[in-house]
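Before any comments, here is the structure.
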Amino acid sequence: MVDFVARWGPFDHGDEYILPEFGIAPSIFYRRVLALVQDTPFPAMGESDRQRVIGYCLAKLAALSLPDQPRAASRPLNS
């Protein structure tokens, strides 16, 4: 999961691959990656990379929690 974020994060892309690849919604995915990176030290991951992944996950979670943009009010049909 962390490798996935490291691979797609720089492009701010890849959310459409999360469900088929991991079988979970993007919001759950980013919460799990965040918990992994915050709670478990990764020897191969430097502190700056760790902070980058944490920031990326927090940004993605914030974006995913935004309500849908308001849609144009539909006009009633004239009969």
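Where a number appears in this text, it was derived from the coordinates with a stated rule and is not lab data. These figures come from a predicted structure and were not determined experimentally. Neighbour counts are summed over all protein chains in view; Cβ atoms, including those assigned to glycine, are modelled from backbone coordinates with ideal geometry.
Taking the Cβ of Pro43 as the centre, find all other residues whose Cβ is under 14 Å away and add up their charges (Lys, Arg: +1; Asp, Glu: -1).
-1
Would you kindly state how much longer the chain becomes between Thr40 and Leu64 on full extension, computed as 0.36 nm times their sequence separation minus their alpha carbon distance, in nm to one decimal? Don't jump to the answer; show the numbers that get you there.
Details: separation 24, 0.36 × 24 = 8.64 nm, distance 2.43 nm.
Full extension of this stretch gives 6.2 nm more.
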